[in-house]
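Okay, structure first, notes after.
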Amino acid sequence: MIFILVWLFSIFLFFTISSTKLPTYIFPCFVSAALISGASWDDFLRSRPSERTEKWVKGSYYALIVIVVLGIAGASIYLSGHYPSILKSLILPYSMLLFGIAMSLVAFLSGKKLWTFILIAYAMLLFLYPVSKLVLPELGEFETSKTVAAKLAALMSPGERLGSEDRYIEGLAFYTGHISQDLGNYDDMVNFLGSKDHVWCVLKEKNYIQFNALDTYVVYKLGKRAILTNILPADGKYMMKRGKIK
C-alpha cells in the first residue's frame with residue numbers, strides 16, 4: 001500500500017507543480033487509484049466491518065450522492081455561461097449517471113453492498129463513455145489551441161509574425177511550431193499591431209473588444225479567443241473591425 005500511495009502522489013504532485021501540463025500526463029495515477037479503491041472495497045465486502053467502518057462507509061456514500069448532484073448543477077451553470085453549445089451534449093451522460101446512482105442508492109438502502117459497488121461502477125461507465133465521445137472532443141476545440149493554430153496556418157504567409165497573450169503561447173507553439181511574441185499588456189499589443197509588416201495575434205475576447213488604439217481586423221473567433229490582424233486580409237473577409245478612436 002505504501003508503494004501504491006507513493007506511485008499515486010509522486011505523479012500527481014509532480015504535474016500539479018509543473019507549469020506546463022495536459023490531463024493525459026496523470027493517466028498513470030488512475031491505475032494506482034484503482035488498486036487502492038479495489039483493495040478497500042475487497043476488504044469491506046469480504047470481512048464483517050465494525051460499527052465505525054459502517055458509519056464511515058454510509059457517510060462517504062451519502063457524500064458521494066451530494067457531490068454528484070452538486071457537481072452536475074455546478075457544471076451545468078458553468079457551461080451555460082461559458083460553453084452553452086456543449087450543455088446539450090451532456091443531457092444523455094447526466095441522465096445515465098443519475099439513473100445509475102439512483103439504482104445504487106436503492107441497493108445501498110437494501111443492504112446489498114456488492115450491488116451498490118457494481119452499480120456505482122456502472123453509473124460512472126455510462127457517464128464517462130458518452131462524455132469522452134461526445135463532450136470532450138467539442139470542449140477540446142475551445143480549451144486547446146489546435147483549431148486556432150490550424151486556422152492561423154491557413155491565414156499566415158511565410159515570414160509573418162505571430163503574437164499572443166501569455167496563456168496561449170505554449171499551446172500555439174506546440175501546434176504551429178513557432179514561438180509567439182508575448183503581448184502581456186496593452187502597450188505590447190499597440191506596438192505589435194502597429195507594425196508596418198503584416199502581423200497576426202491571438203487575444204481574449206474581453207481584450208480585443210477594448211482594443212481601440214489602431215485599426216485591426218478580427219478574422220476568426222472561437223470561444224473566448226480571436227485572431228486579429230493589422231492589415232485587411234487579401235480576400236477582404238473579416239468578422240469585425242476595431243477602429244482607432246480619433
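Every read-out reported here was derived from the displayed coordinates using simple, explicitly stated rules and does not represent laboratory data. Please read these numbers as outputs of a predicted model, since none were measured by experiment. Positions of Cβ are generated from backbone atoms using ideal geometry, with glycine treated the same way; all protein chains shown enter the neighbour counts.
With an 8 Å cut-off on Cα pairs and a minimum separation of 6 or more residues, tell me the relative contact order of the chain in percent.
On the way: 253 pairs, mean separation 25.8, N = 246.
Dividing the mean separation by the residue count of the chain yields 10 percent.
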Multiplying the sequence separation of S95 and I4 by 0.36 nm and subtracting their Cα-Cα distance, what value in nm do you get?
29.4 nm
Pick out the long, greasy-scoring helices in the chain: whole DSSP H runs spanning 24 Å or more along their own axis by Cα, mean Kyte-Doolittle at least -1.0.
27-46, 51-82, 91-109, 113-130
With no solvent and one point per C-alpha, what does the Debye sum give as log10 I(q)/I(0) for segment 1-133 at q = 0.17 Å⁻¹?
-1.16
For the chain, radius of gyration divided by Kirkwood radius, i.e. Rg to Rh on alpha-carbons:
1.13
Proximal lysines to K58, defined as alpha-carbon separation beneath 29 angstrom and excluding residues fewer than eight positions away on the same chain
K112, K113
Label-to-label distance, nm, for residues given as K204 and S60 (7 Å Cα→Cβ offset):
3.9
Interchain or long-range residues, amide H under 5 Å from M240's placed H:
V218
Which lysines does K151 reach when only Cα atoms under 25 Å apart count, and residues fewer than 8 places away in its own chain are ignored?
K21, K133, K196, K204, K206, K221, K224, K237, K241
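Given 0.36 nm per residue, what is the gain on full extension from R48 to L222 after removing their alpha carbon distance, in nm? Could the numbers behind the result be given before it?
Values: separation 174, 0.36 × 174 = 62.64 nm, distance 5.57 nm.
Computed gain between R48 and L222 is 57.1 nm.
Can you give me the Rg/Rh ratio for segment 146-242, using Cα atoms for both radii and the Kirkwood formula for Rh? Present the calculation step by step, with values, prior to reporting the outcome.
Details: Rg = 11.9 Å, Rh = 13.1 Å.
Result for segment 146-242 is an Rg/Rh of 0.91.
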Between segment 183-208 and segment 111-136, what is the separation of their alpha carbon centroids in Å?
46
Taking the dipole of the chain about the Cα centre (Lys, Arg +1; Asp, Glu -1; charges at Cβ), the one of L92, I231, F12 that reaches farthest to the positive side is L92
Less than 17 Å apart at the alpha-carbon level, and either on another chain or at least 8 residues along: which aspartates and glutamates does that give for K146?
E138, E165, D166, E170
Can you give me the long-range amide H partners of Q181? Hydrogens built in the peptide plane at 1.01 Å from N, cutoff under 5 Å, separation of 5 or more residues or another chain.
L162, G163, S164
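Could you work out the relative contact order of segment 95-164, using alpha carbon pairs under 8 angstrom and six or more residues apart, expressed as a whole percent?
On the way: 32 pairs, mean separation 18.6, N = 70.
Relative contact order for segment 95-164 comes out at 27 percent.
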Ranked on Cβ counts within 10 Å of their own Cβ, fewest leading, R225, R161, R52, R167 go R52, R167, R161, R225
Length added when fully stretched, L114-M240, from 0.36 nm per residue minus Cα-Cα:
39.4 nm
